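Undergrad: Supplied in structure tokens, the structure appears directly below.
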There are 2 protein chains.
Amino acid sequence: MAQKPSIPKGTRDFSPNEVAKRQYIISTIKNHFEKFGFQPIETPSFENSDTLMGKYGEEGDRLIFKILNSGDFLSKASEENLQNKDSKKITSQISEKALRYDLTVPFARYVVQHQNEIDFPFKRYQIQPVWRADNPQKGRFREFYQCDADVVGSKSLWQEVELIQLYDAVFTDLNVEGVTIKINNRKILSGIAEVIGASDKLIDFTVALDKLDKIGEDGVKSEMIAKGISEEAIEKVQPVFNFTGTLADKIKQLSEMLQTSVEGMKGVEELNFICNAIDSIGLKSAKLNLDVTLARGLNYYTGAIFEVAAPETVKLGSIGGGGRYDDLTGIFGLKNVSGVGISFGLDRIYLVLEELNAFPETVSAVSKVIFLNFGDKEVLYVLPTIQKLRNAGIKTELYPDNTKMGKQFQFADKKGIQFAVIVGESEMENKQFALKNLANGEQTLVTEHELIENLKQFSF
Amino acid sequence: MAQKPSIPKGTRDFSPNEVAKRQYIISTIKNHFEKFGFQPIETPSFENSDTLMGKYGEEGDRLIFKILNSGDFLSKASEENLQNKDSKKITSQISEKALRYDLTVPFARYVVQHQNEIDFPFKRYQIQPVWRADNPQKGRFREFYQCDADVVGSKSLWQEVELIQLYDAVFTDLNVEGVTIKINNRKILSGIAEVIGASDKLIDFTVALDKLDKIGEDGVKSEMIAKGISEEAIEKVQPVFNFTGTLADKIKQLSEMLQTSVEGMKGVEELNFICNAIDSIGLKSAKLNLDVTLARGLNYYTGAIFEVAAPETVKLGSIGGGGRYDDLTGIFGLKNVSGVGISFGLDRIYLVLEELNAFPETVSAVSKVIFLNFGDKEVLYVLPTIQKLRNAGIKTELYPDNTKMGKQFQFADKKGIQFAVIVGESEMENKQFALKNLANGEQTLVTEHELIENLKQFSF
């Protein structure tokens, strides 16, 4: 192979530095998931095709990566379909497995399959990669991680309250202060549609409303009218287009507007419960805000809808989302299991932390100290000390080859290692270690005990 | 879908308890990798097919999972091959990507692709799943994790020494004491073959020798004779069939036996260097042993060969392996990069820990404490305390629904939660918390401060 090797488009290699930063985000999220009582599960990277197909709409089916059957896969394929080169029909004849497209459907499959082993309500989290044959573009990949926490088996709104607290806890801990947790409720959207006599046009209505940010009030109204919603009807929900004031103000306006809709008033009640609880306990650094234009996969959610916006100084849009769904496991035959969950967008959060310079300096995959190599006798002499440093939790490496000191120092410098230990003949004689701080060039002679204590201070 | 859903054969769902135990092993390994100065990288789950195909032999090619191209994949396929249902020829026409088969080839690809960003010697570790379309059987799966640490870019034998220390550190930390780290050297095997005039039959010779455990001395000798190695020749290396004594004894025997082979003597010298160093610094709990029958993928290794055997009380065979390879990156056009590495077998290690009952009790994904739900007023009252407990690092959950106490206690019991906190009207009045130890039924009334301090003691 003369050509330099490459990787498939939309996929990524992660360097040590990138892995360390990603792991920092993941372990922070994981830590809070567990403190909130969520338990980890893992599902296989590929599922039987019929578990995934038909669950994400026609577009989703197209974007699912299919795995070719092993062996003589064509033997069972229809000769007619092959002759006509009918890729669509042939697919299911030569492929029985497909890569996970998200974590939600595999979770639903897991719950149904293991329902007899699970104690409900079941709080699970799952942090694994998913794959989509999407057109790669900036910030959109064919392989990426999802970080999901869901509770199934209870309709209690305390879960929505706790999920908001969870978002707040994670982003505060990640030093991303000032995120906005936007909340809405599917029932409020239904209520608005009902009030304006457009219940049958709920999707058209919400799709139009969702564009308020981009095309403004007039644009949205024209689109609604084009979809057959009357001007008079739209007037009834005028406040929606200019929704300002405190959370309490907004809820008050909504409850006036939606008086005639039973479903709408139920949505207001739910919203009110959640917002009151959050108001009473407070958030650490996030803001909670009602956004009636928020719809996110409307066909899916049945109650609360969440989305987290990055701090305003960072123009990166949504860094998380979720909501309540009343029938997730129904697709696999288990009815009446209500669920609610949230997701963290790892790649976006990574970009936010980069932009805010919010990664702690301690996040690094580099050794704290390197022992330079003066020859076999010297190495044998320092190995027990190296072991003691490692036992003390200090990342320690030995330069493997006895090459020129200049080359060894250059290696340590380029790698960003903070300290070098030099032990030659005279240090061995005096039972001392020359400890050099590579950042400022300072060098001191220390005993083994001092060496360990010194480096412990700088260790993380 | 009326049928209960399932997962593809050879794959696994992992329950919270299993994930916690696997994570414990992985994080122990990772921790030591980093203390030894290894840095993490991650590569994509799928690679371009030409990166993987042809690297693992014909059998390997067959076991690689191929991903079907998206869209109208048949359009580019040869009509003739389709008509003949020639699965083999069609594969490369309808599939350009394939799932990672191991971590070694992707690592070689990574090193070549990123050679200008890497400071050599490069110590990398990688812990990711791999996929093989193997026939599933007990302990063999189609999706499993590999945990690899390799150094490329240096021929120093100190790396072999450090890798042995690394095995020792990990297994000692995992409470798996008494593993045997078997060592051999490709050059010794070549030397033996040379001495008996069977250099051209090195593979036949080592394949036969590898069976010593199973078919005994006579069996191995018959097989060698059948392969055309003379009886007289075999006599020259008689000690190999009955290799006893200390490491030093064995090395002495080898150096006598291999005197006439330059390569063999080089192998003895390497072995001697490594064993002397280990002898001088000592191991914590593992034993190092020379096993001249050890061959492990001989075509691959050029120097040291390692394999770790589980403690003798556990009949589980190899739980790790590795060795020195002098030309890993050559397959991608980068010559003269020597590498040496070791791998940990996660699934086998899991079974060893189960059998030895060696998982610490603290390895658990279950909340430490649950707050029972007496109604909305009470929940609102306890939420700030719950937050304080979580801030103190204690896994805390709230029972979401205000159902019967019996049901709530039963839930906590079944889940294995250790403590329950009960706050009803009277506790609220007295600013107290009833803390119940679910293991022994003891219940005490405590202040919030006492609650947190008490639970901290039991928290991990």
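The values are calculated or read from the model by the stated rules, or taken from the named source; none is laboratory data. If you're wondering where the values come from, they're calculated on a predicted model, not measured in any experiment. Neighbour counts run over all protein chains shown; Cβ positions are idealised from the backbone, glycine included. The area values use the complete protein model at the heavy-atom level, side chains included, leaving out ligands, DNA and RNA. Shrake-Rupley method; radii C 1.70, N 1.55, O 1.52, S 1.80 Å.
Undergrad: Give me the strands (runs of 3 or more DSSP E) completely within the stretch A:231-344, filtered to those with at least 2 residues that are free of Cβ contacts under 8 Å to residues at least 40 places away in the same chain and closer than 24 Å to A:Glu177 by Cα, ordered by residue number.
TA: Here the list reads A:318-325.
Undergrad: Among the listed residues A:Val112, A:Val170, identify the single one that is within 14 Å of chain B (Cβ to nearest Cβ), open to solvent by less than 10 Å² (accessible area, probe 1.4 Å), β-branched (Val, Ile, Thr) and touching a strand residue (DSSP E or B) at 6+ places or on another chain (Cβ under 8 Å).
TA: A:Val170
Undergrad: Something else: Could you run through the stretch A:264-294 and say how many residues are of a type in the set (S, T, N, Q), within 14 Å of chain B (Cβ to nearest Cβ) and either within 27 Å of the chain's Cα centre (by Cα) or open to solvent by less than 30 Å² (accessible area, probe 1.4 Å) (or both)?
TA: 1
Undergrad: Just to be sure before I move on: is A:Val352 assigned to a strand (DSSP E or B), open to solvent by less than 10 Å² (accessible area, probe 1.4 Å), within 24 Å of A:Thr172 (Cα to Cα) and touching a residue at least 12 places away in the same chain (Cβ under 8 Å) in the structure I sent?
TA: So A:Val352 does not fit the description; no.
Undergrad: Does A:Ala412 satisfy being farther than 25 Å from B:Thr28 by Cα, open to solvent by less than 10 Å² (accessible area, probe 1.4 Å) and not hydroxyl-bearing (Ser, Thr, Tyr)?
TA: yes
Undergrad: Is it fair to say B:Val237 is surrounded by fewer than 17 Cβ atoms within 10 Å (Cβ to Cβ), aliphatic (A, V, I, L, M) and either more than 30 Å from B:Val337 (Cβ to Cβ) or in the same structural domain as B:Ala108 (by TED's automatic domain parsing) (or both)?
TA: Against the criterion (surrounded by fewer than 17 Cβ atoms within 10 Å (Cβ to Cβ), aliphatic (A, V, I, L, M) and either more than 30 Å from B:Val337 (Cβ to Cβ) or in the same structural domain as B:Ala108 (by TED's automatic domain parsing) (or both)), B:Val237 does not qualify.
Undergrad: Something else now. Is it the case that the stretch A:130-138 has a residue that's among the basic types (Lys, Arg), buried (at least 19 other Cβ atoms within 10 Å of the Cβ), in contact (Cβ under 8 Å) with a residue 40 or more places away in the chain and farther than 28 Å from B:Ile386 by Cβ?
TA: yes
Undergrad: Is it fair to say A:Asn184 is modelled with pLDDT of 90 or more and of a type in the set (S, T, N, Q)?
TA: Yes, satisfied.
Undergrad: If you don't mind, another one. Within the bounds of the stretch B:389-403, is there any residue that is open to solvent by 60 Å² or more (accessible area, probe 1.4 Å) and more than 11 Å from every other protein chain (Cβ to nearest Cβ)?
TA: no
Undergrad: Moving to a separate point now. B:Ile94 - would you say it is of a type in the set (Val, Ile, Thr), in contact with a strand residue (DSSP E or B) (Cβ under 7 Å, 6 or more places away or on another chain), more than 30 Å from A:Tyr399 (Cα to Cα) and at the interface with chain A (Cβ under 8 Å from one of its Cβ atoms)?
TA: no
Undergrad: Right, B:Ile192: over 26 Å from B:Ser280 (Cα atoms), in contact with a Phe, Trp or Tyr (Cβ under 9 Å, 6 or more places away or on another chain) and either open to solvent by 50 Å² or more (accessible area, probe 1.4 Å) or in a loop (DSSP other than H, G, I, E, B) (or both) or not?
TA: no
Undergrad: Considering every residue within the stretch A:417-440, establish whether at least one is facing chain B (nearest Cβ under 10 Å) and at pLDDT 95 or above.
TA: Yes, some residue in the stretch A:417-440 is facing chain B (nearest Cβ under 10 Å) and at pLDDT 95 or above.
Undergrad: Can you confirm whether the stretch A:241-255 contains a residue that is farther than 22 Å from A:Glu217 by Cα and either surrounded by 15 or more Cβ atoms within 10 Å (Cβ to Cβ) or outside the structural domain of A:Asp204 (by TED's automatic domain parsing) (or both)?
TA: Checked the stretch A:241-255: no residue is farther than 22 Å from A:Glu217 by Cα and either surrounded by 15 or more Cβ atoms within 10 Å (Cβ to Cβ) or outside the structural domain of A:Asp204 (by TED's automatic domain parsing) (or both).
Undergrad: Restricting attention to the stretch B:7-61, and to residues there that are among the acidic types (Asp, Glu) and either within 7 Å of chain A (Cβ to nearest Cβ) or over 30 Å from B:Thr172 (Cβ atoms) (or both), which single residue is least open to solvent (accessible area, probe 1.4 Å)?
TA: Applying the filter and picking the extreme gives B:Glu47.
Undergrad: Would you point out the residue of the stretch A:115-127, among those that are over 14 Å from A:Leu328 (Cβ atoms) and surrounded by 19 or more Cβ atoms within 10 Å (Cβ to Cβ), that is nearest to the other protein chains (Cβ to nearest Cβ)?
TA: A:Lys123
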